[in-house]
Structures are given as C-alpha cells and as structure tokens.
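To start, the structure itself, in structure tokens.
The values are calculated or read from the model by the stated rules, or taken from the named source; none is laboratory data. Everything numeric in this text was worked out from a predicted model, so none of it was measured. Note that each Cβ is placed from the backbone with ideal geometry, even for glycine, and that neighbours are counted across all protein chains shown. To get the accessible areas, we keep the full protein, side chains included, count just its heavy atoms, and leave off ligands, DNA and RNA. Shrake-Rupley method; radii C 1.70, N 1.55, O 1.52, S 1.80 Å.
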Amino acid sequence: MYDPTVARLTYRALLGRRRALILGALPLLLIAISVAVRVLAGADDQTAADILGGLALATMVPIIGVIAGTGAMGPEIDDGSVVYLLSKPIKRPTIIYTKLIVAIAVTMVFSAVPTLIAGFVLNGNGQQIAVAYTVAALVASIAYAALFLLLGTVSRHAVVFGLVYALVWEALFGSLVPGARTLSVQQWSLAVAQKVSGGDLVTSDVGLTTATVLLVVVTVLATWYAGQKLRTLTLAGEE
Amino acid sequence: MTTLSIDHVSRWFGNVVAVNDITMTVGPGVTGLLGPNGAGKSTLINMMGGFLAPSTGTVTLDGQTVWRNEKVYRQIGIVPEREGMYDFLTGREFVVANAELHGLGAKAAQQALATVEMEYAQDRKIATYSKGMRQRVKMASALVHEPSLLLLDEPFNGMDPRQRMQLMDLLRRMGDEGRTVLFSSHILEEVEQLAWHIEVVVAGRHAASGDFRKIRRLMTDRPHRYLVRSSDDRALAAALIADPSTSGIEVDHGEGALRIQAVDFARFTSLLPRVAKEHGIRLLTVSPSDESLESVFSYLVAA
C-alpha cells in the first residue's frame, strides 16, 4: 500500500520549492507572536487558549493542510509529470495512500509541533492547554490532509478552494452559523482536545463520539474517492 | 512481439469529435503517426497509453485492455509531449525513481542512461537541461524496463538536427530489435526518415495507412498549384503550356496573375526560370498556393 519512491518524490516536491518557505513562515509567526504575548502580558491560561484556538487551530493548521494536501498531488497533475507515476504498474490507491501519509506527516510537523512549542511558551502547558491543542492539531492534520489531497486530485484550483474552505467555512461561517460548526474539522478536533484537557478552556460544539465518527468517515471517504478519481484521471493532450 | 490494436475507436469532448471511428493495428517496427496539428494525434496516443478512455471502441495490447489496467505498463514505455518532469531532481535521480516504480534498481537506470548517452549530465538538475537533454532523459525513463511497446508523442519537437539524428538512430535500433515503436509527428520529413509504416490522421479520421513510399507518392504526384506574376503573363503562359509538366494555366484578371497547375513538380521548377529567361520575361512573384501541410493532407484524404 505504501510506495517509498512515490513518498520520496512527494516529500521532495513539497519541501523543495517555495512551498517550504510558506510552510515554515506560519509556524515561525505563531511562535514569534506567542513569545511577544508572553513577554508583554505574562502567562495567562485564557490568552493561551485564545491564541492556540484562534490562530493555531483555526488558521494555521488548515492553511498548512491546504499547502501540504493539495501540494502532494495538484502540481504533478497540473504540469503533467503525474504521467510518470501513472505509467507504472502501481495501483492508483497506493499512489494516493502514500501521498496521504506524506501530506499528513508534513502537516503534523509544520502545525502540531509549533502549536506545542507556542503552548509551552504561552503558559507552560497550564491546564494541559498546550498538549490539548497539539492533539487537536494532530487529529485535524489527518482529516485536512485527506480532504485537500482529494481536492488537489479533482480540481485545478485546489489551493483557492482549499483556502476558501479553511478561511471562510472554518473560520467565518463556523463562528456565525451554528450548524456549520457540526461540519467543521476544527470542531471535531476540538472535541478530541476537550477530552484531553479536561478543563473548560477547550470546548467543542460537537460531541466526542460524533466527532470521531465524522473524522474517520471523512478521512476514509476522501482517500477512497481520490484513489478512484486517479484511476480514471484523464490527461488532456496539448491539442 | 507486441501488437497494439485500435478497434473502431472514437473520442469526443462535449460536441467536438477529436477521434472519429479509427481502426488500426500497430505491430513491431517503427510506425509514424502523421497528421497536422489538431488532427487528434495526441488524443489517440493518450488512448493508446491508457490515459484517456475511448468514448466508443477498444484499445488492446496483445488482447489486454489498456484503459484502467496498470499491469499493461510492464510492457509500455511512454515519452509524453509535455515538459513537466520533476525538475528538482537530477537526471539520474529521475531515471532511478522511474526504475524503482517498475520494481527495478539503479543498475537498470544506469543502463537506460547509457543507451540515451546522458551519463555525462546525469548528476545535473533536470531544470538546467536543454530541450534535447530532457527528451533523452524522458527516453531513458521510458526504456528503463525494456518495454516491448514504446509510445512517443511529438518526440522531435524543439530538438536540434544533431539531437534529432541521435534520437532517430535510437528509435530505429529499437524497431530493429523487434520492439513496437509508435511516434507522432506533424512533419512529413521526420516520418519519412524514420518510419517503416505510417498511419495518417486528418481531422480525427484515419486518412491513410501503409508503406510511406506509396503515401509519399500520392502526395507528390498530386498537381501542384502556383501563383505566378511576371512582366508578360500571356507570353509566359504560352511557353509553359507547351511543356508536359504543366497541365493547366488560368489567367486570373482579378489578381493580375497566372494560376498554374503542374503535374511534374521537379521538372516544372527547373522549367519555369529557364522559359522565363529564354523569352526575356521577368518573374515578379512565384508562390506555391497549396503547399501547406493541411492541403497536402486534404489532397491525400480525397485520394
């Protein structure tokens, strides 16, 4: 199911170009802000929860997910180099599964690790806030990577759609329309984080069972569908 | 011995018919797929390579369906026309990756790089390669598993004459070894120099199939039309029509020119300046009026 050559090509494509700069810039920004807040305002649990929830989980994680998820597949389809993968006796779902693993790993490294660091900087993991949000980032990384990998497989405008979903749906609608929150990767991951923290600073609108089921269903369905789409991917000619 | 069979294949995109009911069999040796730009060659090659489903009809490789069948790629090597090819890798890394995806190792990759004579630049990034070098590395990636069928989409585009010759030698060698090699081109001379057998596609239809000499003759035996302006059109017309290489002349008053139909191309081109000189006539314009490839093809379709 996992092909090391496909993985190597994907890692190098993701981490070799300008993408790496963007992937690195957001986490650095988060840590820089955390340091500034800690120095200026001192340690405060509520502030830590606000920054980790509003900046890290609601903004940074989905954006990293968009970059890694769409970047693992989209550019190869755009420039036609995917033909070198498709013209091999490898099962299409293997290609998708491998790229998913890579996208998840990259999203986790660039979102969960800085979230943990920022959490410790902000309040030294008081009330388990740093760990709770890190777990949320890890869980969200899986679902985002799967969703955006699918998007990169089916659409040429994957990055735009991905950012619209991440910023408009998750951040804006999520805070305005209560129903939208049920269908939000962010809320599902918060449900898991709530369980970890045990306190009342990390809360979700979705119950843990619902959240877990939805996370698994979305990840599995998106991955399966991306594999099916890749099996019938049509490479347009130059004509 | 590998045979690719295309059986009553059509492909349309919305209302546009790109490939219209084509049936052909491609066997061992070098086959040229010839047709003007936009004739449907790339669409056809994409269907042969399993990257596009035929709307109707079937494409099979020794009886196995090509579409949605990854296993056929053990036998197929593909050289796509598009340039995208992991520019951030070196040539060697690229070919090794292609070998690994076939379950082979660095040794097979090295052999393929040697075959295309790219060892000297194998450790440079692909981004720094010239068009011809890219084409050769693509070839190496397609040859790494010693496929019995090689599909190449416009492989000579943008290559300089020397690179072109090298690639032709290589493809000829592949054909001599008994592999089935199919390449597309819109340039008659390329196909003529390389292919033993040609398939002509015009406007999505299969226009001709067979030995290139026969088809070439059909193309060259057709009447050539010229538009000629001179200092004395009528005197020139009288002198030209006396020679059997000219089959008809029309005096076009609107254009102020002669429309000449020549049947023997070689003879006519040496006759015209000679006759003009003998009669003291100055030639002002001599332009072939139907030399574009499309008109050559449409003549062929009519034939």
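Need one value for B:66-79: mean number of C-beta atoms belonging to other chains within 10 Å of its residues' C-beta atoms. Write down the numbers at each step before the final one.
Numbers: counts 0, 2, 3, 1, 9, 2, 2, 5, 2, 1, 3, 1, 5, 2.
Mean shielding count: 3.
Run the accessible area of the protein assembly as shown with a 1.4 Å probe and give the carbon-and-sulfur part as a rounded percent. Walk me through the numbers on the way to the answer.
Numbers: 13460 of 22940 Å².
The value for the protein assembly as shown is 59 percent carbon and sulfur by accessible area.
Quick check: the angle from helix A:18-41's long axis to the longest principal axis of chain A, C-alpha only, nearest 10 degrees?
0 degrees
Run the numbers on the stretch B:48-117 and let me know its relative contact order in percent, using alpha-carbon pairs under 8 Å that are six or more apart.
That works out to 19 percent.
Sequence gap at least 6, Cα distance under 8 Å: using those rules, report the relative contact order of chain A to the nearest whole percent.
Rounded, it is 26 percent for chain A.
On the Cα set of the stretch A:23-115, report Rg and Dmax in Å, please.
Rg and Dmax of the stretch A:23-115, Cα atoms, are 17.8, 59 Å.
Give me the one-decimal nm value for the distance between modelled label points at A:Gln228 and A:Asp200, 7 Å along each residue's Cα-to-Cβ direction.
Distance between the two pseudo-spin positions: 4.6 nm.
Can you give the net charge of the other residues whose Cβ lies under 11 Å from the Cβ of A:Asp44, counting K and R as +1 and D and E as -1?
So the surrounding residues net to -1.
Restricting to DSSP loop positions (anything but H, G, I, E, B) with no more than 15 other Cβ atoms inside 10 Å of their own Cβ, which trypsin sites (Lys or Arg not before Pro) remain in the stretch B:42-82?
Working: sites: B:Arg68, B:Lys71, B:Arg74, B:Arg82; in loops: B:Arg68, B:Arg82.
Those that pass, being in a loop and sparsely packed, are B:Arg68.
Return the percentage of antiparallel bridges among DSSP beta bridges fully within chain B, rounded to the nearest 5 %.
For chain B, the DSSP antiparallel bridge percentage is about 65.
Local charge sum around A:Asp3 (other residues, Cβ-Cβ under 13 Å, Lys/Arg +1, Asp/Glu -1)? Don't jump to the answer; show the numbers that get you there.
Working: positive: A:Arg8, A:Lys88, A:Lys91, A:Arg92, A:Lys99; negative: B:Glu70, B:Glu100.
Local charge sum for A:Asp3: +3.
May I ask for the angle, rounded to the nearest 10°, between helix A:185-197 and the longest principal axis of chain A, with both axes built from Cα atoms and the value confined to 0 to 90°?
Taking Cα atoms only, the helix is inclined about 40 degrees.
How many partner chain Cβ atoms sit within 10 Å of a residue's Cβ in peptide A:226-233, on average, as a whole number?
Counting Cβ atoms of other protein chains within 10 Å of each residue's Cβ and averaging gives 1.
Give me a single rounded figure for B:95-101: the average over its residues of other chain Cβ atoms within 10 Å of their Cβ. Write down the numbers at each step before the final one.
Details: counts 0, 1, 8, 5, 1, 7, 11.
Counting Cβ atoms of other protein chains within 10 Å of each residue's Cβ and averaging gives 5.
For Cα pairs less than 8 Å apart in space and 6+ apart in sequence, what is the mean separation divided by the residue count of chain B, i.e. the relative contact order in percent? Please list the in-between numbers first.
Working: 580 pairs, mean separation 61.3, N = 303.
This gives 20 percent for chain B.
Helix A:208-231 against the longest principal axis of chain A: what's the angle in degrees, Cα atoms only, rounded to the nearest 10?
Helix A:208-231 sits roughly 20 degrees off the main axis of chain A.
Using R₀ = 25 Å, calculate the FRET efficiency as 1/(1 + (r/R₀)^6) where r is the Cβ-Cβ separation of B:Asn69 and B:Thr3; round to 0.05.
Efficiency for this residue pair is about 0.95.
Please give the Cα centre distance for the stretch A:1-61 versus the stretch A:167-236, rounded to the nearest Å.
The two parts, judged by their Cα centres, are 19 Å apart.
Based on alpha-carbon centroids, what's the gap between the stretch A:102-132 and the stretch B:230-255 in Å, whole number please?
With the stretch A:102-132 and the stretch B:230-255 each reduced to a Cα centre, they are spaced 88 Å.
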